[in-house]
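One structure is given below, encoded as structure tokens.
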Amino acid sequence: MNLPQELQYTRSHEWVRREGDVATIGITDHAQDELGDVVFVELPEVGATLEAGNTFGTVESVKAVSDIYAPVGGEVVEVNGSLEESPEKVNEDPYGEGWMIKVRISSEGELLSAADYEKVVEEEE
Amino acid sequence: MAAAKDTPRRTPLYEEHRSLGAKMVDFAGWEMPVQYEGIQAEHRAVRERAGLFDVSHMGEAIFRGPDAERAVQRLVTRDVSRLDVGQAGYAAVCYENGGTVDDVLVYRRAEDFLVVINAANREKDLEYFRENTQDLDVEVADESDFYALLALQGPRAQEILQNFTEVDLPNLKYYRFVEATGDGLRAIISRTGYTGEDGFELFFRPDDAAGAWRSFIEAGATPAGLGARDTLRLEAGMCLYGNELDAQTTPLEAGISFAVHLDKEPEFIGQEALRREKETGLRKKLVGFKVEGRGIARHGYPVQSDGETVGHVTSGTRSPTLGEAIGLALVAPEIEEGFEVVVRSRSVPARTVPLPFYRRERR
């Protein structure tokens, strides 16, 4: 399982990369592996306001539908529009080209270190 | 209901799935492979080459004795007196009111009838079969554990299977089967399937299944899981019990009237109700559709027309072959060209299309 140490994670399998007050958000390698072939990603519009812990989008594989939860609260400042055409990027590069949204952080959520997230995944298995 | 549902059942191929790194899921109380490499890759392998499925969770009910044919005739919608020995037929089993107990494959053998039933319905079916044939001289045996069932499906299926059997496969027609004995593989070889491709379903003794499984893979078959099985059958417009068919849905409504012989004598259970429904008009009907907006329709999503709920999606996915969101829906009979599917409180337009979504090129 690919688990970059510099990122933060949620119990619901999202990751967060912080740069200043902007957080880039996606789903983890473990999450994409559990889902299987991702074929559809539904994301909010730029300008939408997210509350930490609430669902902000949906990712669908051939077989399953899964909600995505906001790791932090804030305003959506950028959306990865390329996922509309190429949702498979979520499988191929979950921490890179498969990123989903960027949020200007206005409130914090409950975030885990890589080591703590790894324990969450191990407990599930 | 059945006890011991907590411990999942395993097929004789369980260790093979594990060693191939399959993702296992609980399906109708069975621990089954949902995928190996990925659903889309496995789906394509079946459409373009050959895929190999473990469907040993399916049940086998055997009807034997002097009244075996009378018993099967009473229970299934197809007139099985028209089946030759060595021929199989798709049929439904109905309640008196026409609702569906199960959809099955009836194999007419020289000595008995073998009826393949859905795993989720095994206990219910056996009870129904026995309850309704008590006055007849027939034994209804649950021999599900005596068979491991493999499906080898795809344009290369025949070529792969021919390496292992003397049976003259090119002359085995669709929905015909033979018992292969002698040298080579010992199995019932049936030219049937649930993918829309040419292919075979093979009934092995449990002890012979793993060897055959490995041989077919070495010969070029791609192991494929229940995920691909579902997308393949959906593209082929085939029903899945629990989705398109259930106790509240008749076979006529689900669009499988080709498997229902309403003129059958003696009558099957539910025949009168189905005849009445045909005369007075269907209460609902199964349609195929393509989603025209953004989104994927899924099982259970509401279907609306002019803001009114007129049905629901029974199965839906993104079709790996067509690259579009497709689905089946049970809708009010007056629905013709299109409707909206409610995807997470968003209304997405959909257009009805003729079934199947995918038809193979016959050579």
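We did not get these values from a lab; they are worked out from the coordinates using the rules stated. Note that the coordinates shown come from a computational prediction; the quantities given were computed from them, not determined experimentally. As a convention, Cβ positions derive from the backbone with ideal geometry for all residues, glycine included, and neighbour counts pool all protein chains shown.
Within the same chain, lysines fewer than 8 places from B:K290 are excluded, and of the rest, those with a Cα less than 27 Å from its Cα are A:K63, A:K89.
Would you kindly work out the equivalent ellipsoid of the range B:1-112 from its C-alpha gyration tensor and give its semi-axes, the square roots of five times the eigenvalues, largest first in whole Å? Mind showing how you got there, number by number?
Working: eigenvalues 210, 73, 41 Å².
Working through the eigenvalues yields semi-axes of 32, 19, 14 Å.
Taking Cα centroids, how far is the range B:253-272 from the range B:5-26 in Å? Rounded to whole Å, the Cα centres lie 37 Å apart. Using alpha carbon centroids, what distance separates the range B:298-363 and the range B:174-248, in Å? So the two Cα centres are separated by 27 Å. The helix-only estimate of mean residue ellipticity at 222 nm for chain B, built from DSSP H runs of length n ≥ 4 each weighted as -39500 (n - 2.57), is -5500 deg cm²/dmol after division by the residue total. Rounded to the nearest Hz, the phi-derived 3J(HN,Hα) couplings of the range A:32-39 under the Karplus curve 6.51 cos²θ - 1.76 cosθ + 1.60 (θ = phi - 60°) are 5, 5, 5, 5, x, 3, 7, 10, where x marks glycine and proline.
May I ask you to derive the FRET efficiency for B:Q162 and A:E84 from their Cβ-Cβ distance with R0 = 56 Å, giving the value to the nearest 0.05?
Values: r = 45 Å, r/R0 = 0.81.
Using R0 = 56 Å, I get an efficiency of 0.80.
Can you tell me the mean projection area, over all orientations, of the convex hull of the range A:1-119's alpha carbons? Units nm², please.
On the way: hull surface 25.3 nm².
Computed as one quarter of the Cα hull surface, the answer is 6.3 nm².
Residues within the reach of a label modelled at A:R11 (point 7 angstrom out along Cα to beta-carbon, backbone nitrogen below 20 Å), restricted to the range A:67-89, are A:67-73.
In the range B:101-208, what trypsin sites (Lys or Arg not before Pro) fall in a loop by DSSP, with at most 11 other Cβ atoms inside 10 Å?
Details: sites: B:R108, B:R109, B:R122, B:K124, B:R130, B:R156, B:K173, B:R176, B:R186, B:R191; in loops: B:R109, B:R156, B:K173, B:R186, B:R191.
Listed in order of number, the matching sites are B:K173.
Between B:V303, B:Q158, B:W30, the Cα set farthest toward the positive side of the dipole of chain B (charges on each charged residue's Cβ, about the Cα centre) is that of B:V303.
Inter-chain neighbour count for A:35-42: the average number of beta-carbon atoms from partner chains within 10 Å of each residue's beta-carbon is 5. Given R0 = 30 Å, the distance between the Cβ atoms of A:L3 and B:R346 translates into a calculated FRET efficiency of 0.30. Here the Kirkwood formula, the inverse mean of 1/r across different C-alpha pairs, assigns the range B:284-353 a hydrodynamic radius of 11.4 Å.
Loop only by DSSP, 12 or fewer other Cβ within 10 Å of the Cβ. Give me the GluC sites (Glu not before Pro) in the range B:299-343 that pass, ordered by residue number. Spell out each step's value before the answer.
Values: sites: B:E308, B:E324, B:E334, B:E336, B:E337, B:E340; in loops: B:E324, B:E334, B:E336, B:E337.
Sites meeting the loop and neighbour criteria: B:E334, B:E336, B:E337.
So what is the relative contact order for chain B, in percent, with contacts set as C-alpha pairs under 8 Å and at least six apart?
On the way: 813 pairs, mean separation 65.2, N = 363.
Across chain B, relative contact order equals 18 percent.
Projected label points at B:A332 and B:E139, each 7 Å from Cα along the beta carbon direction, are separated by 5.4 nanometres.
Here the simple spin-label model places points 7 Å from the Cα toward Cβ, and for B:L20 and B:Y174 these points are separated by 2.6 nm.
Placing a label point 7 Å from the Cα of A:D116 along the Cα-to-Cβ line, the residues of the range A:8-42 whose backbone N sits under 15 Å from it are A:8-16. Look at A:M1, A:M100 and count the other Cβ atoms within 10 Å of each Cβ; fewest to most, that gives A:M1, A:M100. Pairwise Cα separations in chain B fall into 20 Å bins from 0 onward with the following percentages, short to long: 29, 59, 12, 0. This ranking places B:L330, B:L114 by how few other beta-carbon atoms lie within 10 Å of each, fewest first, which gives B:L114, B:L330. Note on B:E131 and B:E308: the extension gain reaches 59.6 nm, defined as 0.36 nm multiplied by sequence separation minus the Cα-Cα distance. A Förster distance of 35 Å, applied to the separation of the beta-carbon atoms of B:E111 and B:R276, puts the FRET efficiency at 0.45.
Coupling constants for the range B:278-283 follow from the phi torsions by the Karplus curve (6.51 cos²θ - 1.76 cosθ + 1.60, θ = phi - 60°), and in residue order they are 5, 5, 8, x, 5, 7 Hz; glycine and proline get x.
Karplus-based coupling profile of the range B:194-203, in residue order and whole Hz: 9, 10, x, 10, 4, x, 9, 10, 10, 9, with θ = phi - 60° in 6.51 cos²θ - 1.76 cosθ + 1.60 and x standing for Gly or Pro.
Remark on A:V39: its backbone amide H falls under 5 Å from those of A:E60, A:S61, A:V62, a criterion applied only to residues 5 or more positions apart or on other chains, H modelled at 1.01 Å from N.
Cut-off 19 Å, label point 7 angstrom out along Cα-to-Cβ of B:F146: give me the residues of the range B:91-117 whose amide nitrogen falls inside. Zone members listed by number: B:105-117. Would you please state the base-10 log of I(q)/I(0) at q = 0.18, 0.20, 0.22 1/Å for the range B:59-143, with intensities from the Debye formula using one equal scatterer on every alpha carbon? Listed by q, the Debye log ratios stand at -0.67, -0.84, -1.04. For B:K285, the lysines whose Cα comes closer than 24 Å to its Cα, not counting residues fewer than 8 places off in the same chain, are B:K264.
Relative to the compact-globule scaling 2.2 N^0.38 Å, provide the ratio for the alpha-carbon radius of gyration of the range B:163-248.
Cα Rg divided by the expected 2.2 N^0.38 Å: 1.24.
When restricted to Cα atoms, the protein assembly as shown yields an Rg and a Dmax of 24.8, 82 Å, respectively. Here the dipole of chain B is about 1240 debye; that uses its Cα centre as origin and unit charges on the Cβ of Lys and Arg (positive) and Asp and Glu (negative).
Projecting the Cα atoms of B:A71, B:G237, B:P320 onto the charge dipole of chain B (Cβ charges, centred on the Cα centre) puts B:P320 farthest toward the positive pole.
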